[in-house]
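The values are calculated or read from the model by the stated rules, or taken from the named source; none is laboratory data. The structure presented is a predicted model; accordingly, all values stated were derived computationally and were not measured. Here the Cβ positions follow ideal geometry from the backbone for every residue, glycine too, while neighbour counts run over all protein chains shown.
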């Protein structure tokens with residue numbers, strides 16, 4: 001059930017927000033990962049987003065205003081988790097930012113055909129706000145590290161408006177992986193990293209900076225950076 005505030009507005013259950021990314025769609029983009037996914041695809045790169053427990057409940061209109069205040073971004077990407085499980089709140093967020101000039105890209109484990117066939121008004125309202133849809137579940141047996149903005153070969157990048165040229169997929173390889181390290185915070189890796197990418201990053205940090213990467217004790221999918229004592 002969708003959480004609501006005292007004004008009966010839908011609240012968005014958010015896992016994480018990244019103000020600036022070049023690895024989650026065309027150009028510079030803000031990224032919002034929603035919390036909660038019933039599908040729980042084996043091998044998913046974001047298993048920590050599967051739980052439906054409340055993480056950060058945010059008014060999507062307030063979040064939209066914060067995103068619109070970020071300088072230099074071209075658009076918003078919504079990933080997860082499953083955005084269409086929170087279609088009402090995600091739709092409010094996407095409509096607000098799109099009305100103010102940003103493009104919208106959404107990752108979903110559902111197919112475009114299934115979404116179009118839905119009778120849910122909130123689902124259709126959200127679909128109408130999307131410029132680029134990456135659809136389909138992650139299938140581990142079809143995993144392919146050479147795809148752009150996808151993890152497995154069954155997934156598709158669908159251009160639902162003329163905001164972006166589909167030829168962007170043929171003009172070289174966009175940024176595939178980003179790593180960010182802030183003081184006092186775990187290392188954040190986003191995009192579509194191969195295991196070898198993370199291993200290479202770990203090796204460079206260890207050799208050049210004396211920083212070791214080790215798993216967080218509570219979430220196996222994340223890493224924490226730790227400086228080695230002299």
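Within this structure, residue 32 passes the test of being modelled with pLDDT of 95 or more and within 25 Å of residue 168 (Cα to Cα). All conditions but one from (1) closer than 19 Å to residue 156 by Cα; (2) buried (at least 21 other Cβ atoms within 10 Å of the Cβ) apply to residue 41; the one that does not is (2).
Scanning region 76-88 for residues that are at positive phi and surrounded by fewer than 21 Cβ atoms within 10 Å (Cβ to Cβ) returns no hits. Of the set (1) assigned to a helix (DSSP H, G or I); (2) in contact with a helix residue (DSSP H, G or I) (Cβ under 8 Å, 6 or more places away or on another chain); (3) surrounded by fewer than 22 Cβ atoms within 10 Å (Cβ to Cβ), all apply to residue 73 but (1). Looking across region 89-117, the residues that are surrounded by 20 or more Cβ atoms within 10 Å (Cβ to Cβ) and in a helix (DSSP H, G or I) come down to 89, 90, 91, 92, 93, 94, 96, 97, 98, 115.
Counting only residues that are under 19 Å from residue 33 (Cα atoms) and part of a loop (DSSP other than H, G, I, E, B), region 118-159 holds 11 of them. Here is the figure for region 27-61: residues that are touching a helix residue (DSSP H, G or I) at 6+ places or on another chain (Cβ under 9 Å) and within 14 Å of residue 90 (Cβ to Cβ) total 11.
The set of residues in region 3-17 being out of contact with any helix residue (DSSP H, G or I) (no Cβ under 7 Å at 6 or more places or on another chain) and at pLDDT 90 or above consists of 14, 16, 17.
Can you say whether residue 91 is in the same structural domain as residue 56 (by TED's automatic domain parsing), under 26 Å from residue 43 (Cβ atoms) and under 16 Å from the mean Cα position of the chain (by Cα), as far as the supplied structure shows? No; evaluated as a whole, the condition is false for this residue.
Please tell me if residue 150 is touching a residue at least 60 places away in the same chain (Cβ under 8 Å) and in contact with a strand residue (DSSP E or B) (Cβ under 8 Å, 6 or more places away or on another chain). So residue 150 does not fit the description; no.
Return a yes/no flag: does region 56-66 have any residue that is in a helix (DSSP H, G or I) and touching a strand residue (DSSP E or B) at 6+ places or on another chain (Cβ under 7 Å). Yes, region 56-66 has at least one match.
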